[in-house]
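Data first, discussion second: the structure below is written as structure tokens.
The values are calculated or read from the model by the stated rules, or taken from the named source; none is laboratory data. All values reported here derive from a predicted model rather than from experimental measurement. Glycine also receives a Cβ, built like all others from the backbone with ideal geometry; neighbour counts cover every protein chain displayed. Quick note on the areas: whole protein, heavy atoms, side chains included, nothing else; ligands and nucleic acids left out. Shrake-Rupley method; radii C 1.70, N 1.55, O 1.52, S 1.80 Å.
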Amino acid sequence: MELFLNKQSRLFQRSITSTAQVASLTFSRRDRLVIPVTYVEDGVGVSLGAGASGILGIKSAFGESYLAAALTWSAGTAPAYEFDLNLNTSAMEAAFSDDPDTVEATLQVRATFGDEILRSVNLPVTITNSTVIGDETAPTALPDLAGWGNTKFRFGATGEPEFYNTALAAWCRLTFAGDPPQATWTML
């Protein structure tokens, strides 16, 4: 992801040469991203000069603290400035404490160079909740029934259907119970 910021309009645009506006961004909770920002003037990427500094911040409300922020930039591939944005923060965790699917926020970039301060127009941001957190375990795999061929079926003593697996040379039962239902595979 690279952001292009028009110095005159202060809008984010799709590329250096395209003035089509970026309407919003989507991030994933707990990501860490390096985001290059290129300032654009008359269709050309420009440097802000020696001593320029910048901040990239994301807030859920204007009066609140940052959900995530990069309080400085490093020199990227000229003329881009790179922000190291960490979305794995205590403030972000608090925003997801009720386990919503998304959190809506606003992103803004501020640059200071010489006597000037340049703030981008606020950009709407959606932060999606993480599906893969990293401490989950894999669900129990069930056998592939496709290759069983001429499978024999019967009703067992409990009245549940059972089938004979020739590869295992055993009668088997698959039952579902509980809330939510859990599958149990039993070789008889």
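Figures for the structure shown
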quantity	calculated
Neighbourhood net charge (11 Å Cβ-Cβ; Lys/Arg +1, Asp/Glu -1) for THR38	-2
Per residue accessible area of the chain, 1.4 Å probe, in Å²	60 Å²
Computed lengthening from SER9 to PHE163, 0.36 nm per intervening residue step minus Cα-Cα distance	48.4 nm
15 Å beta-carbon shell around ARG110, net charge (K/R +1, D/E -1)	+2
Global form of region 1-55, assessed from the alpha-carbon gyration tensor, a/c cut-off 1.5	oblate
Region 26-183, relative contact order in percent, only Cα pairs under 8 angstrom and at least six apart counted	20 percent
Choice from GLU136, GLU64, GLU162 showing the highest fluctuation, given a GNM over the chain with Cα pairs closer than 10 Å	GLU162
Accessible-area composition of region 87-188, carbon plus sulfur, in percent [1.4 Å probe]	53 percent
